[in-house]
Amino acid sequence: MFLIMKRQILVNIREKANIFWTMFFPLILATLFHFTLGGLLGQNEMGEISAAFVLEDTASSAVEGDAFFEYLDHLDQEWLKLTPMSDEEARAALKEDEILGIFYGGRERRLVIGENSIHTSMLSQLLDIYEKNETLLNRIAQEHPEKLPGAAAELAGYRASTETVSFGGRSMDNVQNYFFALIAMTCLYGSFMGMYNTVGVQANTSALGARLAAGCVKRYESITASLLSAWIISFAEVAVLLFYMDVVLGDIDLAGQIGRILVICAAATLYSSALGMVIGTVGSLSEKLKNGLVVAVSMTCSFAADLMISGVKGAIEKYVPLINRINPGALTTDAFYSVLVYEDAERYFRSLGLLAALGLLLLGIAVLSMRRMRYESI
Amino acid sequence: MKVYKGYLIALKRNLSTFVLYCSIFLAVAVGMVRLTSGESNPGSYQQTRLSIGVVDRDNSLWSKTLVEYLEAYHKVSSMEDHMDTLAEAVYSTEILYAVIIPEDFLGTYILGEQPVQTLTESGSQWEYYVNGRIDSFVNTARVCLAGTESPEEAARQVLETAQIQGNVVLESSREDLAVYNVFRFMPYLYFSILCFVMGMIQKEYQNIDIRRRLLASSLTLKSQSIQSLLAFFTIGVFCWVLCECIGIVTCAGQFWASPNKWLIVLNGFTIMCGALAASYFVGSLAKTAAAVNGMANVFSLGFCFLGGVFVPLELLTGAVRKIGQFFPTYWYAQNISILSFNSTLTDSLQRKLIQGMVIQILFAFACIAVALAVGKARRQEE
């Protein structure tokens, strides 16, 4: 059996087109993802926001002493970089995108911005808060003048009142999901190996299969060897990809979790290889047609696991969650999420269990459909 | 014109691939337009409204006031009180921020010193943005409680302050997001269709038997090359008309309103020339159908990823932008960005635009020259 396995492994490795699509293509995609999506990692991080302050309609041109400027200048916000400028300078800077907004002080307070974005909304929020506080104090002074000192004291004690909860995972950045989906796709490409190897041991689909059938090798041995070789190669390819993405590109951080990740990849490649084997046993379709079937299945599963557009998996989870429980792509990305993003043992073991169970089920189907094949003529 | 006709007959046989790619692109373009329809420039200032999830454990006057207050600024939805659910909703961007209103919200959190727990991507823009709003609520509530007679009156005043907004003026140039999002993806369509289809046809012409038969004919080598380039150009123009029409139909209103519409179409023509030349190169170099397939994938994906087609140029890092400048897709993406976001083209923008188009054409000439040189070397070898 090991001899057949060795032969199958050699056949698979020597098939250049096969190795290109199952190993080199994911590596190329990982590199492209690194250079493009890598730039998106951390794009939501808060950076510095530059704004100008212009004082209008006042006798003095010095901004110091203007209540609005003092308020902005003394804000406990490290993200705001406020620079006093003349109106012309500020407008030129806004046009050149050097600043995101211009605060106007003096009689008519306002904010001029160049675009609608979260950054300019944050600037307008500062103006809103100033206007609110002023209105509030005026109102209290009119309606309850005796309470004004107390209210003013509370206002002077303005403080931050929120705290962001930290989870076991490292990053909540959704972009890393694309990297997980790419790994899931590579696991799914194991189905190509499973399909080719199955076609290779069937007498009615390949000449090699005919020779094996005519020989003295037991049927279960050739089937087991074909599955094992497909599984070993696809698992090795995923391991290479993981190494490349973790050590060379640094897009994912597997430190301390490598064991659990490898177990998931082993289960995912088992599932994919078995899936390929089942497709390989479907009737007497040509190898080309079976190949097309594997491409369609693996691409659909990858699409449903968010490889192409983010949000597909979420929508499926909302309306037809059963699909996510049988899709090897979704199960693999789920397992990665539960290990690398948000520590969730229950989800990890559920994904692992489903991958292994469904893989074994498909394997059973493939073996049952192949075990007693007899050929009247080939 | 035997060679010329031969190319057209071969194309007819590959029409299904042509139609397949056009359909895929149409689906992607329509999807992109629908996804970005909410981002259109309204012409006036609009505050960014984020999706926020709220878990109300207090269910009191003040917790309800906070929810109502947040609703004035954001899209608020009530969430299940389960950390796993909240974490997944934040990770999948179903919501960008979650706030957990704890029990005894008034005593311990508004009047006390305890901070309110929130859940979001740590260090993100939305963390700072919504935190600022909640801080404002808590501090305003404190001021109102100190300045009014009853908690009910204070809560009402807090909600009234949510109506107060500063004077914000938006001064911006034109933004044709729909046009940008549709025409931005054109290079992928050109490179995919042309490299797959034309690469495959050109590869057939590299077959030794066909080449020998052609050599045995009365056609000169020069005539063969000119005819093959002419056939490529005819199919390229057909592809260009088809693809640009698909693009125009997808965002017809915005396209016809754009002052730069004809330049957008011209920019499409230059990238089509680049893709056409790349397909000639692929077909001349590849020896098998699998090689054409692999090269076409690597070319189309590589050029589009590194040239700022799939990911906008401003999001690419410095090193990638430098590498991207070697590809025509980079110059196409730069041009389409200029044409979509500027109503008037200043002298410097016009220079940039022409420079971009010239580089795309030069890339096409370089590809054809290399392919012809390779072909000649191969013939001499034989």
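The values are calculated or read from the model by the stated rules, or taken from the named source; none is laboratory data. Keep in mind the model is a prediction, meaning the values are calculated, not measured. When we count neighbours, we look across all protein chains shown, and the Cβ atoms used for this are built from the backbone with ideal geometry, even at glycine.
Does the stretch B:326-338 contain any residue that is within 14 Å of another protein chain (Cβ to nearest Cβ), in a loop (DSSP other than H, G, I, E, B), modelled with pLDDT of 85 or more and under 14 Å from B:PHE363 (Cα atoms)?
Yes: the stretch B:326-338 contains one or more residues that are within 14 Å of another protein chain (Cβ to nearest Cβ), in a loop (DSSP other than H, G, I, E, B), modelled with pLDDT of 85 or more and under 14 Å from B:PHE363 (Cα atoms).
Please indicate, with yes or no, whether at least one residue in the stretch A:101-108 is under 26 Å from B:VAL169 (Cβ atoms), touching a Phe, Trp or Tyr at 6+ places or on another chain (Cβ under 6 Å) and facing another protein chain (nearest Cβ under 8 Å). Taking every residue of the stretch A:101-108 in turn, none turns out to be under 26 Å from B:VAL169 (Cβ atoms), touching a Phe, Trp or Tyr at 6+ places or on another chain (Cβ under 6 Å) and facing another protein chain (nearest Cβ under 8 Å). Out of curiosity, is B:LEU306 modelled with pLDDT of 80 or more and surrounded by fewer than 19 Cβ atoms within 10 Å (Cβ to Cβ)? Answer is no for this residue.
Of the residues making up the stretch B:306-322, those that are facing chain A (nearest Cβ under 7 Å) and within 18 Å of A:ASN44 (Cα to Cα) number 4. Residue pairs whose Cβ atoms lie under 8 Å apart, sitting 6 or more positions apart in sequence or on different chains, and linking a residue in the stretch A:249-264 that is in contact (Cβ under 8 Å) with a residue 12 or more places away in the chain to a partner that is of a type outside the set (Gly, Ala, Ser) and in a loop (DSSP other than H, G, I, E, B), are A:ASP251/A:LEU41; A:ASP253/A:ARG170; A:ILE261/A:LEU254. Counting only residues that are farther than 22 Å from B:ARG133 by Cβ, within 7 Å of chain B (Cβ to nearest Cβ) and either among the aliphatic types (A, V, I, L, M) or in contact with a Lys or Arg (Cβ under 7 Å, 6 or more places away or on another chain) (or both), the stretch A:115-147 holds 0 of them. Evaluation of B:GLN114 against the conditions (1) more than 8 Å from chain A (Cβ to nearest Cβ); (2) part of a helix (DSSP H, G or I); (3) modelled with pLDDT under 90 shows that the sole unmet condition is (2).
Conditions tested, residue by residue: (1) modelled with pLDDT of 80 or more; (2) outside any helix (DSSP H, G or I); (3) under 30 Å from A:LEU228 (Cα atoms).
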| residue | (1), (2), (3) |
| --- | --- |
| A:GLN8 | yes, no, yes |
| A:ILE13 | yes, no, yes |
| A:THR22 | yes, no, yes |
| A:HIS34 | yes, no, no |
| A:GLY42 | no, yes, no |
| A:ALA52 | yes, yes, no |
| A:ALA59 | no, yes, no |
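Of the residues in the stretch B:201-212, at least one is more than 14 Å from every other protein chain (Cβ to nearest Cβ) and buried (at least 23 other Cβ atoms within 10 Å of the Cβ). For the stretch B:295-319, residues that are part of a loop (DSSP other than H, G, I, E, B) and either at negative phi or in contact with a Pro (Cβ under 7 Å, 6 or more places away or on another chain) (or both) total 7. Among the conditions (1) within 14 Å of chain A (Cβ to nearest Cβ); (2) touching a helix residue (DSSP H, G or I) at 6+ places or on another chain (Cβ under 7 Å), B:ASN260 misses just one, which is (1).
Each residue in the stretch B:150-169 was checked for being out of contact with any helix residue (DSSP H, G or I) (no Cβ under 7 Å at 6 or more places or on another chain) and facing chain A (nearest Cβ under 7 Å), and 2 pass. Out of A:LEU289, A:LEU242, A:LEU275, one residue alone is without any contact (Cβ under 8 Å) to a residue 60 or more places away in the chain, more than 19 Å from A:ILE28 (Cα to Cα) and assigned to a helix (DSSP H, G or I). It is A:LEU289.
Being touching a residue at least 12 places away in the same chain (Cβ under 8 Å) and more than 8 Å from chain A (Cβ to nearest Cβ): is that true of B:ILE95 here?
So B:ILE95 fits the description; yes.
Could you check B:SER218 against (1) assigned to a helix (DSSP H, G or I); (2) under 28 Å from B:LEU8 (Cα atoms); (3) at pLDDT below 85 and say which number it fails? If we test B:SER218 against (1) assigned to a helix (DSSP H, G or I); (2) under 28 Å from B:LEU8 (Cα atoms); (3) at pLDDT below 85, just (1) comes out false. Can you find a residue in the stretch A:125-139 that is part of a helix (DSSP H, G or I) and under 32 Å from the mean Cα position of the chain (by Cα)? Among the residues of the stretch A:125-139, at least one is part of a helix (DSSP H, G or I) and under 32 Å from the mean Cα position of the chain (by Cα), which makes the answer yes. Residues that are more than 7 Å from every other protein chain (Cβ to nearest Cβ) and at pLDDT below 85 were ranked within the stretch A:148-158; the one that is surrounded by the fewest Cβ atoms within 10 Å (Cβ to Cβ) is A:ALA156.
Check every one of the helices (runs of 4 or more DSSP H) wholly within the stretch B:150-212 and list those with 1 or more residues that are touching a strand residue (DSSP E or B) at 6+ places or on another chain (Cβ under 6 Å).
Qualifying helices (runs of 4 or more DSSP H): none found.
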